[in-house]
1. What are the ³J(HN,Hα) couplings of segment 87-92, residue after residue, when phi is run through the Karplus curve with 6.51, -1.76, 1.60 and θ = phi - 60°? Round to Hz, x for glycine and proline.
2. Students often check this: by mean Cβ neighbours within 10 Å, which of 110-118, 85-93 ranks highest, and how do the rest follow?
3. Once fully extended, how much extra length lies between residue 132 and residue 94, figured as 0.36 nm per residue of separation less the alpha-carbon to alpha-carbon distance?
4. Starting from 0.36 nm per residue, how many nanometres of slack lie between residue 183 and residue 48 once their C-alpha separation is accounted for?
5. Could you work out how much longer the chain between residue 158 and residue 103 gets when fully extended? Use 0.36 nm per residue separation minus the Cα distance between them, nm to one decimal.
6. In the neighborhood of residue 108, defined by Cβ-to-Cβ distances under 13 Å, what is the net charge if each Lys or Arg adds +1 and each Asp or Glu adds -1?
7. Using 1/(1 + (r/R0)^6) with R0 = 41 angstrom and r between the beta carbons of residue 115 and residue 172, what's the FRET efficiency to the nearest 0.05?
Amino acid sequence: MAVLIMNAPATTDATQATQATRAPHVMRRPDLPADTSAAHGTTTRHLSRYVRIAAGVAALSGVWWIASWLVARCHLPVSAGVVGLILLLALLLTGRVPVDGIAAGARWMLAELLLFFVPAVVSIIEYGHLLRHDGLQLMIIIVAGTVAVMVVTGLVVESVTRIETRRRARRFAAARSQRIARMTQTATSKG
């Protein structure tokens, strides 16, 4: 989020209220009229949003590409998606990739998920004979695979949530004990 900080001349209360409702994180630039600075801040905000989305999608695609390369190179018996999930989890837990770095891209990909299925649905039309012959087996495999992915994803999210909760609790306890130690030290030095 871009923030423009300049010395703005004094403005009326109505102008300040209008600017605060339009873009509270943008201060008016003195060299631009009020309307242009608000538009400039909005454009910057939207531009940075699109950059964050593109960076998140690129990061997730990069993790998938690396996982796909690892599966092909090491002849692993699991899919690149599973290896990518494990790799992304490791990167997030170690802090090498911040959650904020991929959140916008992940949100966008989830919002547009239906578009990713269109090619698969269109290709089903070409393989009608396969569906008539092996359709029941394919449906069982699809349902079982979906359930397995949902269960594994749920377990991973649950374990990451527990780990993060423990980390936060430890940080809070450490900060609290430091505050208490400082207050005790201050009280003993005064008395």
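1. Here the 3J(HN,Hα) series is 5, 5, 4, 5, 5, 6 Hz.
2. Answer by packing, highest mean first, reads 85-93, 110-118.
3. On the way: separation 38, 0.36 × 38 = 13.68 nm, distance 4.79 nm.
This chain segment gains 8.9 nm when fully extended.
4. Details: separation 135, 0.36 × 135 = 48.60 nm, distance 4.29 nm.
Difference between extended and current length: 44.3 nm.
5. Working: separation 55, 0.36 × 55 = 19.80 nm, distance 1.80 nm.
Gain on extension, residue 158 to residue 103, equals 18.0 nm.
6. Working: positive: 49, 52, 107; negative: 112.
Cβ neighbours under 13 Å give a net charge of +2.
7. After rounding, the FRET efficiency stands at 0.45.
A short reminder: the numbers here are calculations on the coordinates, not readings from a lab. These numbers were taken from a predicted model, which means no experiment stands behind them. Note that each Cβ is placed from the backbone with ideal geometry, even for glycine, and that neighbours are counted across all protein chains shown.
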